[in-house]
Amino acid sequence: MKSLPILFSVAASLASASAIALESERIPTGASITVPRHDPQFDPSLMSRGGEQGKQKDSWGNAIEKDRKKVTIRASKHDRDDISDDFLWAIKKANHGGLLHLEKGKKYVIGKKLDLSFLKDIYVKIDGELKFTNDIDYWQANNFYYDFQKSITFWVWGGEDIKIYGSGVINGNGQKWWDGFAGSEILDPDNEYYRPILFLTDNATNVEVKGLHLKDSPCWTNFFVRSNNIVFDDVYISAVSTNASTLPKNTDGFDSLNVAGLTVLNTRVNVGDDCFSPKPNTSDILVRNLWCNGTHGVSMGSIGQYPGVLDYIANAHIENVTLLNGENGARLKAWAGPDVGYGYIRNVTYKDIHVENTDNPIVLDQCYFNINSTVCAENPSQVDITDIKFINVYGTSSGKKGRVVADLTCSPGATCSGIHLEDIDITSPKGGPSQIVCENIQGDIGVDCIPKNEADN
Ligand SMILES: *[C@@H]1O[C@H](CO)[C@@H](O)[C@H](O)[C@H]1NC(C)=O
Ligand SMILES: *[C@@H]1O[C@H](CO)[C@@H](O)[C@H](O)[C@H]1NC(C)=O
Ligand SMILES: *[C@@H]1O[C@H](CO)[C@@H](O)[C@H](O)[C@H]1NC(C)=O
Ligand SMILES: *[C@@H]1O[C@H](CO)[C@@H](O)[C@H](O)[C@H]1NC(C)=O
Ligand SMILES: *[C@@H]1O[C@H](CO)[C@@H](O)[C@H](O)[C@H]1NC(C)=O
Ligand SMILES: *[C@@H]1O[C@H](CO)[C@@H](O)[C@H](O)[C@H]1NC(C)=O
Ligand SMILES: *[C@@H]1O[C@H](CO)[C@@H](O)[C@H](O)[C@H]1NC(C)=O
């Protein structure tokens, strides 16, 4: 990277003298640092409110946008003009109370893996486009790897109080990845064509992502690992293939592992796999006003896959979700069969769920994955499923499962109790009364249901 000594040509007029002294150093070509004015002389309201102490704070008690030092970097000139060194420099500069701004109408290309695990109180405002290169050979040799479902990512975000927001785009440039993956399966043990996750936090506390468009991830769009208090608000996630012969496979909207506190509000997801799908050890989940199109649904799990390992999902409230043209609506899945794990799914409420043209509007599967009833009876699930509510689920199925609109299949001899359905009004294009299937559930479920062998299909 070419660096020139630039001393705040534009910024100086706004900067206080002490700030200039602090920041007088070499900064990359095209970058700038602007320090806010903290002088009460020019802002009498600060005096009356007690100077620094009286200042407005964000929800984590940190400075709000206008009181932050602002860092900018040069934009890329074309899709191979990698600015990742500048980006990393700017993240370090903005860390501890500052803001990095990627400006509207500009493109910033990332072509190198980035370790951003050291953050503490940073705002990253993305009004332009942050785009990853699609150099498959590079990324497959250079990434961050996670054992869980053999996941890789371009970058890792970790630390505390991280806000990423704006009107811009984070673009995973996934088309070439999806084309290259055509014909492969992610869960195939022989698959070695790993594809990066677009956004990943690890060991992060207090992360807010707001307003952005997360576009065309090569694989899962978001994955949160051992993190606490993740909030997404007003985000659009899309993964749409322009190649008629390839699908944007495994582009899940949201996945998590060992996470406490996961909130998704006012978000739209248009991808080729799960819309929202917390994985093992996720608790305190809130989803409100979510729209999903063409997805595999809002799915708790699967959990209980790995022998000897305890997994859980607890305390989830999912409200006002619209699911169109997908495989599933509201779904819970836990493994059964030989050589699986154990744990529980507890206290999950789905409320006000609108489905249209959905194959399986309501699914509870305690004989995952594709375990038939004989094998499931011999090796029942050791994941207890308790206190699950489906309230006000309405709309239409696709008719792919005949008149069945809800399928609640528990393992014989397993714990599956406190399952409650209320105000279920889903019609099938096959006509006639809809069917709700239930197997091996303890207690009354609140609606009439029939065993599998009496249902369509
Ligand atoms: C997690 O992050 C904290 C700081 O936020 C750090 O002290 C700790 O070492 C990190 N843990 C791991 C396992 O990286
Ligand atoms: C679409 O994907 C297929 C499968 O990978 C590939 O053979 C083909 O070249 C792609 N088409 C275009 C226009 O890139
Ligand atoms: C429900 O979510 C939709 C977005 O899918 C939103 O337009 C609508 O306002 C929400 N309804 C309520 C009552 O918040
Ligand atoms: C929903 O997804 C279907 C494909 O599954 C697509 O044809 C349609 O354009 C999408 N609708 C919207 C509003 O994005
Ligand atoms: C889930 O948490 C339990 C208990 O803390 C732990 O033993 C287990 O390894 C975790 N599961 C995963 C998949 O990390
Ligand atoms: C169930 O989960 C909700 C959050 O969705 C929480 O407020 C409530 O306290 C939980 N109930 C129990 C008994 O843990
Ligand atoms: C159930 O699955 C097992 C293992 O795949 C298979 O051997 C058995 O024939 C299946 N039984 C039925 C009734 O399909």
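The values are calculated or read from the model by the stated rules, or taken from the named source; none is laboratory data. Owing to the predicted nature of the structure, the values given are computational and were not obtained by experimental measurement. Don't worry about glycine lacking a Cβ; one is built from the backbone with ideal geometry, like all the others, and counts go over all protein chains shown.
Answer with yes or no whether Phe144 is of a type outside the set (A, V, I, L, M) and buried (at least 16 other Cβ atoms within 10 Å of the Cβ). The answer is yes for Phe144. Residues satisfying the criterion are present in the range 411-426 (criterion: crowded, with 21+ Cβ neighbours inside 10 Å, closer than 25 Å to Thr282 by Cα and in contact with a Phe, Trp or Tyr (Cβ under 7 Å, 6 or more places away or on another chain)).
With the condition kept exactly as written, say whether any residue in the range 107-118 is surrounded by 19 or more Cβ atoms within 10 Å (Cβ to Cβ), of a type in the set (A, V, I, L, M, F, W, C), modelled with pLDDT of 95 or more and within 11 Å of Pro196 (Cα to Cα). The answer is no, given that none of the residues of the range 107-118 is surrounded by 19 or more Cβ atoms within 10 Å (Cβ to Cβ), of a type in the set (A, V, I, L, M, F, W, C), modelled with pLDDT of 95 or more and within 11 Å of Pro196 (Cα to Cα).
Scanning the range 286-302 for residues being surrounded by 24 or more Cβ atoms within 10 Å (Cβ to Cβ) and in a strand (DSSP E or B) gives a total of 6. Applying the condition of being crowded, with 24+ Cβ neighbours inside 10 Å and part of a strand (DSSP E or B) to the range 303-327 and asking which residue is nearest to ligand 5 (Cβ to nearest atom) yields Asp311. Figure legend. Inter-residue proximity from the range 390-416: first residues assigned by TED's automatic domain parsing to the domain that holds Lys430, second residues basic (Lys, Arg) and part of a strand (DSSP E or B), beta-carbon distance below 7 Å, spacing 6+ or different chains. Indicated pairs: Ile391/Lys351; Asn392/Lys351. Assessment of the range 440-450 against the conditions (at positive phi, surrounded by fewer than 16 Cβ atoms within 10 Å (Cβ to Cβ) and outside any loop (DSSP other than H, G, I, E, B)) yields no matching residue.
Scanning the range 406-429 for residues that are within 28 Å of Gly343 (Cβ to Cβ) and among the β-branched types (Val, Ile, Thr) returns Thr409, Thr415, Ile419, Ile424. Out of the residues in the range 332-347 that are crowded, with 24+ Cβ neighbours inside 10 Å and more than 16 Å from ligand 5 (Cβ to nearest atom), state the one that is nearest to Pro280 (Cα to Cα). The qualifying residue nearest to Pro280 (Cα to Cα) is Leu332. Condition check: within 18 Å of Gly326 (Cα to Cα), over 12 Å from the mean Cα position of the chain (by Cα), within 16 Å of ligand 6 (Cβ to nearest atom) and part of a strand (DSSP E or B). Does Asn228 satisfy that? For Asn228, the condition - within 18 Å of Gly326 (Cα to Cα), over 12 Å from the mean Cα position of the chain (by Cα), within 16 Å of ligand 6 (Cβ to nearest atom) and part of a strand (DSSP E or B) - is not met.
For the range 182-214, a residue qualifies if it is within 16 Å of ligand 2 (Cβ to nearest atom) and within 18 Å of Asn142 (Cα to Cα), and the qualifying residues are Asn191, Tyr193, Arg195. Val363 meets each of the listed conditions (1) closer than 24 Å to Thr263 by Cβ; (2) more than 29 Å from the chain's Cα centre (by Cα) apart from (2). Filter the range 423-439 down to the residues that are on the phi > 0 side of the Ramachandran plot and assigned to a loop (DSSP other than H, G, I, E, B) and list them by number. Correct list: Gly431, Gly432.
Among the residues of the range 240-258, those identified as within 13 Å of the chain's Cα centre (by Cα) and not in a strand (DSSP E or B) are Asn250, Thr251, Asp252, Gly253. Listed by first and then second residue, the pairs linking a residue in the range 437-457 that is in the same structural domain as Cys416 (by TED's automatic domain parsing) and over 20 Å from Asn379 (Cα atoms) to a residue that is hydroxyl-bearing (Ser, Thr, Tyr) and at pLDDT 95 or above, with Cβ atoms under 8 Å apart and 6 or more places separating them unless they lie on different chains, are Val437/Thr409; Gly443/Ser417.
Please work out which one of (1) away from ligand 5 (no atom under 16 Å from the Cβ); (2) closer than 19 Å to Gly272 by Cα; (3) touching a residue at least 60 places away in the same chain (Cβ under 8 Å); (4) not hydroxyl-bearing (Ser, Thr, Tyr) is the condition Phe223 fails and give its number. Only one criterion in (1) away from ligand 5 (no atom under 16 Å from the Cβ); (2) closer than 19 Å to Gly272 by Cα; (3) touching a residue at least 60 places away in the same chain (Cβ under 8 Å); (4) not hydroxyl-bearing (Ser, Thr, Tyr) is unmet by Phe223, namely (1). Considering only the range 376-422, state which residues are outside any strand (DSSP E or B) and either closer than 20 Å to Gln442 by Cα or in contact with a helix residue (DSSP H, G or I) (Cβ under 7 Å, 6 or more places away or on another chain) (or both). Listed by number, the residues that qualify are Cys376, Ala377, Glu378, Asn379, Pro380, Ser381, Cys410, Ser411, Pro412, Gly413, Ala414, Thr415. The set of residues in the range 340-375 that are assigned to a loop (DSSP other than H, G, I, E, B) and within 21 Å of Asn270 (Cβ to Cβ) contains only Asp359. Just for the range 224-271: of the residues that are within 16 Å of ligand 2 (Cβ to nearest atom) and surrounded by fewer than 21 Cβ atoms within 10 Å (Cβ to Cβ), which one is nearest to Gly166 (Cα to Cα)? Restricting to residues being within 16 Å of ligand 2 (Cβ to nearest atom) and surrounded by fewer than 21 Cβ atoms within 10 Å (Cβ to Cβ), the top hit is Val240. Note on the range 328-339: residues that are away from ligand 4 (no atom under 16 Å from the Cβ) and assigned to a strand (DSSP E or B) amount to 6.
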